[in-house]
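Beneath this line is the structure, given in structure tokens, with notes to follow.
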Amino acid sequence: MKSENVTENEINNKSTDESVQPASAVQEVDTASINAAEQDATPQPKRRQRPKQKGRAVAGQISRLKLALLSLIPLLVIAVWTEVAPLLASAGIRASLFDLPGAYDTVNLRGVLQLVLLVPILYAGRQFYQQALQDLQERIPSAEVLLLISTIAAVAGGLFTAVHLVLGQPYGNLPPLFLFYIGVCVTAALGSVYLDRWCKAPLPQFLDMPSMWLVSSSILLSIVACLSFFFTGKATFPIWQVAVSIFVCCCPILLLPAVSTAAFTAVQKAAAQNILLRDGTILGDAGETSLIIFDKTGTLTIGHPVLTDIHIFNNGSEPGLLSLAAAMLQDSELPEAAAVRGAAEGCKLPLVTEVRSTPEGWHSARCFKENIRLGSLEFVKRYARIPAETNGYVEQMSDAGKTVWYLTVGRTLYAIFGFSDELRKETPEAMRRLKEMNIVTSVMTGDNKRAGLYLGRLAGADRVAAELLPTHKAQLVQTFRKGGEVVAVVGDGDNDAPALECADFGFAVGSGTKTVWKAAQVVLTDNDLCNVAATFTLSRACVETVKDNVRKVCICNLVLLPFALGIATLFGGPMLKPWMLLMVTIVAAALVTHNTWKLKKTKLAGRRNDSFPE
């Protein structure tokens, strides 16, 4: 620790003609107006709205999924046998499974059995139909509305076919049963909800546009196709069968799982990278971040400042002034306070009274019948005269990036303290990776401008907001957001929590306080700042995967539209059959699995998979 007892003559002998810091590429943010402004009495702008979970995270979700699966298995067995039995009969093979004996052998109950087994599945998925009714009232063409329309169409067509099967008509002459397909759709949707609930990352916004097109297109195509066959008279089947086929074809089984599997994989990958997503919905839009603001102490730095400089004035005693400062800071949780207490270890502390501390880091007390004040220049200059000759020492410490505190007794300055905090080793690399993603980096600090700019250059930041009061950090974030920026904030202390809550996205380092953890959506459990860029990379990769999954799932089903529309029958082809839907679903599942595997293999730069030094 460097200590120096300074007299006025010695100060005057110091050279004041030394050049000040060179021009910097770091942009300085004007914080004077923010500090001078009163706290805004109007409600703070809310964080960007998160996608509604639309009531999907409900109690008993596992029980509902189990009920659907238990009913789906026998439903699939009967559905497969229903499709296979006519083929066996045409080959001269007697297919008596599920047939009644004796005089009732012409009665086919397979359609009725499918309807009965479908009922528990529909009951298990009732949440989707309840949500669909709400969306219909609000005129929202959601995925739930699409499922509702398809279910009504499939059940109505299934009732017709089941009744005629009971009356003894052969299945080959009737519209096909799509009941098992609806059962699989509902079960897959329940599985999707379970994944969303487990990983806390529902991303329903990516289904809004595809659902709107599928709902609108299915209704329009059904009307056009039915009217076309009605007026042309070329239909060799019930005209309403076209509508049923279109509605079923436009409801892909993997529409919801296409989103949930990608989100689930992204959350798992984040956890493996020591990134805790307290709010998984940020995966859907964190990649849109345009500006990120870092707190200085404990975030960009290791958070353990050391008292490196003490400049004594007016013939004060260094041990006495150091013990006086330590006595004032006995109950302070500031990192600088811990540094002062450590430096004063072994010194006898005087008795101080009326100790007060503010969120800004300003401290005052009474000792020896005098008012003692300790803190930044902005605080102490209100009560004491600060000689202009001290600027040389302050600038020297500031140019080294040190935090400067002043100690005054009455109206007289007695000491200036300089604190140095080591920059995290990964900070420059983290800044570089963020810049490569076209994200502007900024630092907010209460240090003076010279120290702030030095820190900004050392860290590699684009902007520095220096001399910022801790209580005005949230206002700084609001100012950027009102300017159209999508803002993320990284912090570690209680005074950072309001800024994190006001930002679009909040990051807390793992060594931070419980308060900042609660305010953050993402916690960097290993304190690795490179994982901030990794989170944005993961968000962009997740969004790309989700969009690609949804696109491929929809395309696979829409390939069957010529069969659903009845166009194929005009050229001697069949109408839409259940096995066709099964085939395209298998293809879509393979594509979704491949995309999800690619997401899992996405490289996220961080200390876990880099050779970056700890």
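Would you check which residues across the range 440-466 are modelled with pLDDT of 90 or more and hydroxyl-bearing (S, T, Y) and list them?
Within the range 440-466, T441, S442 qualify.
With respect to M575, is the statement that it is more than 30 Å from D492 (Cα to Cα) and outside any helix (DSSP H, G or I) true?
The answer is yes for M575.
Quick test for you: out of S420, S398, pick the one residue that is within 18 Å of I310 (Cβ to Cβ) and touching a helix residue (DSSP H, G or I) at 6+ places or on another chain (Cβ under 8 Å). Working first, answer last.
Numbers: S420 fails: touching a helix residue (DSSP H, G or I) at 6+ places or on another chain (Cβ under 8 Å).
Only one candidate qualifies: S398.
Residues of the range 380-425 being among the hydroxyl-bearing types (S, T, Y) and under 30 Å from N531 (Cα atoms), which ones?
At the first step, the residues of the range 380-425 found to be among the hydroxyl-bearing types (S, T, Y) are 383, 390, 393, 398, 403, 406, 408, 412, 414, 420.
Those that are among the hydroxyl-bearing types (S, T, Y) and under 30 Å from N531 (Cα atoms): S398, T403, S420.
Just to check your reading of the model, which residue among E336, E354, E318, E345 is open to solvent by 10 Å² or more (accessible area, probe 1.4 Å) and either in the same structural domain as I555 (by the TED database) or within 40 Å of the chain's Cα centre (by Cα) (or both)? Steps first, please.
Values: E354 fails: either in the same structural domain as I555 (by the TED database) or within 40 Å of the chain's Cα centre (by Cα) (or both); E318 fails: either in the same structural domain as I555 (by the TED database) or within 40 Å of the chain's Cα centre (by Cα) (or both); E345 fails: either in the same structural domain as I555 (by the TED database) or within 40 Å of the chain's Cα centre (by Cα) (or both).
Unique residue meeting the criteria: E336.
A quick yes/no check of all residues on (1) under 11 Å from the mean Cα position of the chain (by Cα); (2) of a type outside the set (G, A, S); (3) farther than 17 Å from T289 by Cβ:
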{"position": "A497", "(1), (2), (3)": "no, no, yes"}
{"position": "F507", "(1), (2), (3)": "yes, yes, no"}
{"position": "G510", "(1), (2), (3)": "no, no, yes"}
{"position": "V516", "(1), (2), (3)": "no, yes, yes"}
{"position": "Q521", "(1), (2), (3)": "yes, yes, no"}
{"position": "L524", "(1), (2), (3)": "no, yes, no"}
{"position": "L529", "(1), (2), (3)": "no, yes, no"}
{"position": "A541", "(1), (2), (3)": "no, no, no"}
{"position": "N549", "(1), (2), (3)": "no, yes, yes"}
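In the range 444-471, how many residues are in a loop (DSSP other than H, G, I, E, B) and in contact (Cβ under 8 Å) with a residue 40 or more places away in the chain? Show your work before the answer.
Initially, the range 444-471 is screened for residues in a loop (DSSP other than H, G, I, E, B), giving 445-448, 460-462, 466-469.
Remaining after also requiring in contact (Cβ under 8 Å) with a residue 40 or more places away in the chain: 445-448, 461-462, 466-469.
Within the range 444-471, residues that are in a loop (DSSP other than H, G, I, E, B) and in contact (Cβ under 8 Å) with a residue 40 or more places away in the chain number 10.
The values are calculated or read from the model by the stated rules, or taken from the named source; none is laboratory data. Nothing here was measured: the structure is a model prediction, and the numbers come from that model. Every residue, glycine among them, receives a Cβ derived from its backbone with ideal geometry; neighbour counts consider all protein chains shown. Quick note on the areas: whole protein, heavy atoms, side chains included, nothing else; ligands and nucleic acids left out. Shrake-Rupley method; radii C 1.70, N 1.55, O 1.52, S 1.80 Å.
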